[in-house]
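The values are calculated or read from the model by the stated rules, or taken from the named source; none is laboratory data. Predicted model, so just to flag it, every value in this text is computed and none were measured. Surface accessibility is based on the protein's heavy atoms, side chains included, excluding ligands, DNA and RNA. Shrake-Rupley method; radii C 1.70, N 1.55, O 1.52, S 1.80 Å.
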Amino acid sequence: MKKFNIRKVLDGLKEASSSAPSVQVGPQENHLIQESIQSEHFQLCKTVRHGFPYQPSSMAFDPVQKILAIGTQSGALRLFGRPGVECYCQHESGAAVIQLQFLINEGALVSALADDSVHLWNLRQKRPAILHSLKFSKERITYCHLPFQSKWLYIGTERGNIHIVNVESFTLSGYVIMWNKAIELSSKAHPGPVVHISDNPMDEGKLVIGFESGIVVMWDLKSKKADYRYTYDEAIHSVAWHHEGKQFICSHSDGTLTIWNIRGQGKPIQTITPHGKQPKDGKKPEPCKPILKVEYKTTRNGEPFMILSGGLSYDTVGRRPCLTVMHGKSTAVLEMDYPIVDFLTLCETPYPNDFQEPYAVVVLLEKDLVVIDLAQNGYPIFENPYPLTIHESPVTCCEYFADCPVDLIPALYSVGSRQKRQGYSKKEWPISGGNWGQGTQNDTDFIIMLQVLYKLKTAKVFDRNRSKEDKGSTDMSDEDPFAIQIMAWCPESRMLCVAGVSANVIIYRFSKLEVTTEVVQLLEVRMQYELNDIESPDGGGGGGDTTPAIPTPGASPQTSGPPSHPSTGSNNSDGGNMPCLKVRSTPLKQSPGYQVDLVVQLVWVSGEPPQQITSMVLNSSYGLVVFGNSNGLAVVDYIQKTVVLNLGTVELYGSNDPYQRQPRSPRKTRQPSGAKMSRKLSLPTELKPDLDHRDNSFSRSRSSSVTSIDKEAREAISSFHFCETFARKGDSTLTHCLHVGTTLGTVLALSLTLPPAGEQRQLQPVIISPTGMLVRLKGSISRMAVLDSTGSLLPPAYEPWYEPNITTDGEEREKVRKRRPVSVSPSTSQDLNENQYAVVCSEKQAKVIALPSQTCIYKHSITETSFILRADVVQMSQGLCMACFCANGHIMTLSLPGLRPLMDVNYLPLTDMRIARTFCFTNLGQAMYLCSPTEIQRITYSQDTCENLQEMLGELFTPVETPEAPNRGFFKGLFGGGAQSLDREELFGELSSGKASRSLAQHIPGPGGLEGMKGAASGVVGDLARARIALDERGQKLGELEDRTAGMMASADSFSKHAHEMMLKCKDKKWYQF
């Protein structure tokens, strides 16, 4: 008989636990809560992408629809309409977008990619899709041109040939312009790639082809030969037409512009070097940098505009990139903050053969989008309404808040609007196409509105003047010393707390009044970790010098008191009391908005730099901020400006420490000059994709600031949670508590004794005492929450916002002082016999603990092979759940309190640590993360939102009448001076040009073909368009019916008249007289 092995059974259970239902532990009869949330309530999909398109490469504008398209080097496509109308699409290949062309007012877009493919996008649906693709195999695409109101797309290649594509069917025409036929004997060498194609504005049958070497050819499409050739010594970068079609202008690699008459071969009629110094002896000007693009736009009542990028003199070293606007005799040089990728001139008419009337220039920079007003003096820029500046400095952390108080966004907007710089154009933003979706206007999410609400610079608190010694010792690889690592924010009280990489915490209050702070209030905290010195008389053990079990607040010698400016420059013989940054000593003028209330700094201790802060939380009801690192935790009372508690992690356990800790070897005190604080953010910016042991390498990297000798011994604080719960096992009354989670998987409880509100809160101390260990889990603790007996979330208490800078001393200030905090806990209504449930999630598993019995009633192993990067307890419309984002790219949700797995989707493989550092969940099934250094991606995991997403998204295409073509005039019509049209169908069709080579390009039907048409048909635009057409047809039919009715009435009258005459005539006649 085979021996029964209990260990194998347990191992099997352990392996199956990640996919099987939660393991239930302990008595169940008292904890049966009906959970309404089910797996069908969850579905994952991307919603919107915000921010500046990362690494842009091309741009296009539809002048009728007023939609802007931007392509990027990673194959992304971003479409912008009016503020709030944005769309993101992605080419599957991921190749760079080299050119974009709108089918103007047709709701379609052509994109050309670096992998020599051309795609047709349908924009008549809310989520654009590719209708057709064409992949060239023998030639590389260099330039595309689509004439206005034409269905034939010209494609220039690296070999110098031009192919023609029917945009409707996306098939190649047999008509090909070969490079050797175009240049014939005018050049002995190959002319280079095609860099420009355009048709003469006045004659569609004439095509101008620009080759890189400097040759321009005027090609006659009907006769299939070159009419004229124009040769210049320097390489060509771009060509632009005068609207009358008699002249064109070229920009060259030596910084010159050449203007040519179409009939004047040989030399250009004018050569301009906009930024070249003109020698007095009549010699050629000094060469300048290449003019990468030029545009030539005419006005009906005034001088034409000549706009160009590049062309600066080579001796302007260090000068910023410029856009030059030449208008008549004036030349304006507009400096840009970043290199120019592309620019477009916005004009009143889409017709190339009419006066262009330019009114704005859209300039696409490497990291910004600028729109310049050409109609106002000084060329001011338009105020950009899109949230494109989130990358102004590199983003290090994100938090996402949904369901904010209704008065919060107006308050932030009112103070944020005062930050805006003056001098913007007074006109409305010119990119104004599309329509809002139904869900956009009611969106009250905090971080991503249709615009940036408010900006806060935390570095203003510190002196930026670092000494030469500091500069010399700072590695280039180190992060900015002012970088933000953690944010804690209370939307109700508007309190904000920011922890920086230099071991500093800044506490801000929100005020609508301006104030000047004479002295920034500062607390300095010594946090130390020396196990072998715990009993030493000079202190320094476990994070407190002389910290008792129940510490005396405000009296601990680790804090610098009084809470005004201490001397930060005093360097003691032991190298202590020195912070990493120096707080400014001059008065600080603080504008309305967030104003510094208190700065807390960790200082060097015994030659050791302070460890980075790993977790932080604030509670406005208690007036406390708590932060922790690998040494321990500190509790700061920001009302009294004192440190209430400074405790080493080991001391939180007391005598019940479950871990065998090895004391550190004694060593001599080091001077701070030899050591340096690591300012690395807790997660590296990039993760090598070939990491096999992602679990180990990643988990170690999160505590990279801990030196190797202490990796095993140190237990860092990883999370906090304020709550009103049962502090000890078997308690019958609720007390204010702080739950502390550590990197070794322990949850410890601290009970808080708060003085009464009002004046006593200002004077009496807050007393905190450890009450022991609550639970232990596998892996570092990442999230904690408390539920009531019905399974509803008990959020921490908060205090409503009030104006802190009230100058009156009367009743109003007294009201503020006596203001009671709003406690949302059920302490008044809850029956003493009712339970609470503590939810704890670590990087490996989750547990639910019944309180006050402290028994584990539910347990679920979330992952064995990976670990959780972010976990949040979120409120859905159907109930409460826990959402987790795993390092292997999975997004999971669990029910609460039962921990039933509800959703598990392999969303994205984690190849970038930026995602790990910025991913966060919020209520109502929303989440976000930084998908590139400049863009935020929002996703939803709610089935309801996914189903209604189509209605929530904005419409890109709206039915707009195309403007009327310019009037040719009587004489031009009589003598043929107007625009010459061309029957391209007859010229490029299969009957006259034959079939194209099959091996040249492969046609690929797009996935958006049938679906796209269905989407367009079901969309609001489709409905409106159909309704409009139906109304027109109905009106036409009614008109025709009315005309026919009138005709019948006239006919009836005529018949009646004739019948009456006949009756009178025949009245007296006999029958034989007829």
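Over all orientations, region 236-351 has a Cα convex hull whose mean projected area works out to 8.5 square nanometres.
So for region 886-932, what are the equivalent ellipsoid semi-axes in whole Å, largest first, each being the square root of 5 times an eigenvalue of the Cα gyration tensor?
Values: eigenvalues 93, 33, 12 Å².
Values for region 886-932, descending: 22, 13, 8 Å.
Summarising the amide proton neighbourhood of Asp115: residues at separation of 5 or more, or on other chains, whose placed amide H is nearer than 5 Å comprise Ala96. Each principal axis of the Cα cloud of region 158-264 was taken in turn, and the coordinate range along them, longest first, works out to 41, 33, 22 Å.
Measuring against 26 Å, Cα to Cα, the residue pairs Lys138/Lys289; Lys188/Lys246; Lys66/Lys457; Lys427/Lys455 contain Lys138/Lys289; Lys188/Lys246; Lys66/Lys457 as the ones spanning a longer distance. How much accessible surface area, in Å² rounded to 10, belongs to the heavy atoms of Thr940 with a 1.4 Å probe? Accessible area of Thr940: about 0 Å².
For the pair region 765-792 / region 301-323, the C-alpha centres are spaced 63 Å from each other.
With the biggest extent put first, the Cα atoms of region 827-905 measure 43, 28, 17 Å across the principal axes.
Whole-percent P(r), region 576-623, all Cα pairs, 10 Å bins from 0: 18, 37, 36, 9, 0. Taken over the C-alpha atoms, region 104-217 has Rg and Dmax values of 14.8, 52 angstrom. In plain terms, the C-alpha convex hull of region 350-432 casts an average shadow of 8.6 nm² when viewed from every direction.
Among rounded, prolate and oblate, which fits region 214-282 when a ≥ b ≥ c are the square roots of the eigenvalues of its C-alpha gyration tensor, a/c under 1.5 means rounded, and a/b larger than b/c means prolate? Numbers along the way, then the final one.
Working: a/c = 2.29, a/b = 2.14, b/c = 1.07.
Judged from the Cα gyration tensor, region 214-282 comes out prolate (a/c at least 1.5, a/b above b/c).
Remark on Thr273: its backbone amide H falls under 5 Å from those of Leu257, a criterion applied only to residues 5 or more positions apart or on other chains, H modelled at 1.01 Å from N.
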